[in-house]
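Trainee: Before anything else, here's the structure in question.
The values are calculated or read from the model by the stated rules, or taken from the named source; none is laboratory data. Predicted model, so just to flag it, every value in this text is computed and none were measured. Cβ placement follows ideal geometry from the backbone for every residue including glycine, while neighbour counts extend to all protein chains displayed. In case anyone asks, the SASA skips ligands and DNA or RNA and just uses the protein heavy atoms, side chains included. Shrake-Rupley method; radii C 1.70, N 1.55, O 1.52, S 1.80 Å.
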Amino acid sequence: MMMQRSAMRASTSTVATHSRGSTVVVRADNALIVNTKGGGHAFVGYHLAKALKAKGHSVTIMNDGDKEKVSKKAPYSQYDALAKEGVTIAWGNPADPSTYPAGQFDIVYDNNGKDMASCKPVIDTFKGKCKHFVFVASAGAYKADPIEPMHMEGDARKASAGHVEVEAYLKSEGLPATVFQPLC
């Protein structure tokens, strides 16, 4: 099984090793972004959709939340422009696979889940069906350090953080996966 912690350049299957670490080579594939209904992760999903589309991917972004409630605020208010660029916009509940957009996806980005309750349905649905799974975690998984508030890969992590449990589940399921862990 391939479990990588990498920059947002993660994609399907080819891993290249460089002096600064491993990166996953991006190919034009069919991508699904499971996006959150608010906070900084919403912007991560929006910009990820734009970047993937610009690189030639087919992109579907599925958003959690009430479309009428959140579509008036950024970045959701800019989704019409995404749609004009060819990104498919869908609304659903990440905890309910019956609401997922139809189609085959080569790569799935979970930019919504923070714990097993929200991530397990997405992981289980796409296990064995996608080439690669990317879990976008957060710096909240790291133990607080009042002296060095910025985190670096390898810093101590909270065992109680839902992100840690999700990462362990991904590893135990043998799903080719990358964990993107923002460090600041």
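Trainee: Any chance the stretch 174-181 includes a residue that's open to solvent by 60 Å² or more (accessible area, probe 1.4 Å), modelled with pLDDT of 90 or more and in a loop (DSSP other than H, G, I, E, B)?
Mentor: Checked the stretch 174-181: no residue is open to solvent by 60 Å² or more (accessible area, probe 1.4 Å), modelled with pLDDT of 90 or more and in a loop (DSSP other than H, G, I, E, B).
Trainee: Could you please find all residues in the stretch 68-127 being closer than 21 Å to Ala51 by Cα and touching a Phe, Trp or Tyr at 6+ places or on another chain (Cβ under 6 Å)?
Mentor: Result: Pro75, Ile89, Val108, Asp110.
Trainee: Taking Asp110, is it within 15 Å of the chain's Cα centre (by Cα) and exposed (fewer than 15 other Cβ atoms within 10 Å of the Cβ)?
Mentor: Considered against the rule, which asks whether it is within 15 Å of the chain's Cα centre (by Cα) and exposed (fewer than 15 other Cβ atoms within 10 Å of the Cβ), Asp110 comes out as no.
Trainee: Let me ask something else. Among the numbered criteria (1) among the small types (Gly, Ala, Ser); (2) under 14 Å from Val136 (Cβ atoms); (3) open to solvent by less than 50 Å² (accessible area, probe 1.4 Å), which one does Gly40 miss?
Mentor: All conditions pass for Gly40, except number (3).
Trainee: Starting from the stretch 83-109, keep only residues that are farther than 14 Å from His57 by Cβ, then list their pairs with residues that are part of a loop (DSSP other than H, G, I, E, B) and open to solvent by 40 Å² or more (accessible area, probe 1.4 Å) whose Cβ atoms are within a distance under 7 Å, requiring at least 6 positions of separation or different chains.
Mentor: Taking only residues 6 or more apart or on different chains, the pairs are Thr99/Asn93.
Trainee: Can you name every residue in the stretch 27-63 that is modelled with pLDDT under 90 and either part of a loop (DSSP other than H, G, I, E, B) or touching a His at 6+ places or on another chain (Cβ under 7 Å) (or both)?
Mentor: Arg27, Ala28, Asp29, Thr36, Lys37, Gly38, Gly39
Trainee: Could you please find all residues in the stretch 109-157 being among the hydroxyl-bearing types (Ser, Thr, Tyr), outside any helix (DSSP H, G or I) and modelled with pLDDT of 65 or more?
Mentor: The answer is Tyr109, Ser138.
Trainee: Then there's this: Restricting to the stretch 66-101, what's the tally of residues that are of a type in the set (A, V, I, L, M, F, W, C) and in a strand (DSSP E or B)?
Mentor: 3
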